[in-house]
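Structure first, then comments.
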Amino acid sequence: MGGEDGLDQGTRGRRARLAQIFRFALVGGVNTGTFFGCYLLLHPWMPYFAAYSLAFLLSMIGSFFLNTYFTYRTRPTWKKFALFPLTNVTNYLVQSVGLYALVTWAHMDDRIAPLVAAVVAIPFTYLISQRILVPRNAGQDTAASGPGSETDERQPSRLA
């Protein structure tokens, strides 16, 4: 009977992980749409790179709240908010270099280039985010992550 419980728990774990991946992808789609919409609204009023940077910042703030509440079902904190941009630095750098290269060297339309640069950045962002966000001992027992521990996400938020 113990084997059935393990299989049952493993199945639930896989389903939970798939649900989280789905939520992550959904948030990514919403975030990309938010970014691109902001970019298109700002672009007529400022240079393309300034519009891109401001749109990126605004969508990153939205992404933080969507990921904490919806994807990972945790409470936002000031500490998480302060650290969250670290996971986006690689994304910003790859997209920025890509945007500049696409507009300047490839002469791509500066209204479309941000989307192409965003797609190119996905694998880089995923690998760096995984390295930063997934603990190296993820396969080990996480008994130390209960209430009151450093990893307890159920603590009340002072941010929202």
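Need the failing condition index for ARG73 against (1) crowded, with 16+ Cβ neighbours inside 10 Å; (2) part of a loop (DSSP other than H, G, I, E, B); (3) within 17 Å of the chain's Cα centre (by Cα), just the number. That leaves (1) as the condition not met.
Quick grid of which residues meet (1) touching a His at 6+ places or on another chain (Cβ under 8 Å); (2) surrounded by fewer than 17 Cβ atoms within 10 Å (Cβ to Cβ); (3) without any contact (Cβ under 8 Å) to a residue 24 or more places away in the chain:
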{"residue": "GLY13", "(1), (2), (3)": "no, yes, yes"}
{"residue": "GLY29", "(1), (2), (3)": "no, yes, yes"}
{"residue": "LEU40", "(1), (2), (3)": "no, yes, no"}
{"residue": "ILE61", "(1), (2), (3)": "no, yes, yes"}
{"residue": "LEU66", "(1), (2), (3)": "no, no, no"}
{"residue": "PHE81", "(1), (2), (3)": "no, yes, no"}
{"residue": "PHE84", "(1), (2), (3)": "no, no, no"}
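When every residue of the stretch 94-117 is checked against the conditions, none turns out to be open to solvent by less than 70 Å² (accessible area, probe 1.4 Å), within 21 Å of ILE21 (Cα to Cα) and of a type outside the set (Ser, Thr, Tyr).
Across the stretch 86-110, the qualifying residues are those that are touching a residue at least 40 places away in the same chain (Cβ under 8 Å) and hydroxyl-bearing (Ser, Thr, Tyr), and the one among them that is farthest from PRO123 (Cα to Cα) is TYR100.
The values are calculated or read from the model by the stated rules, or taken from the named source; none is laboratory data. All of these numbers come straight from a predicted model, not from anything done at the bench. Every residue, glycine among them, receives a Cβ derived from its backbone with ideal geometry; neighbour counts consider all protein chains shown. Each accessible area value is taken on the protein alone, full model and side chains, heavy atoms only, with ligands, DNA and RNA left out. Shrake-Rupley method; radii C 1.70, N 1.55, O 1.52, S 1.80 Å.
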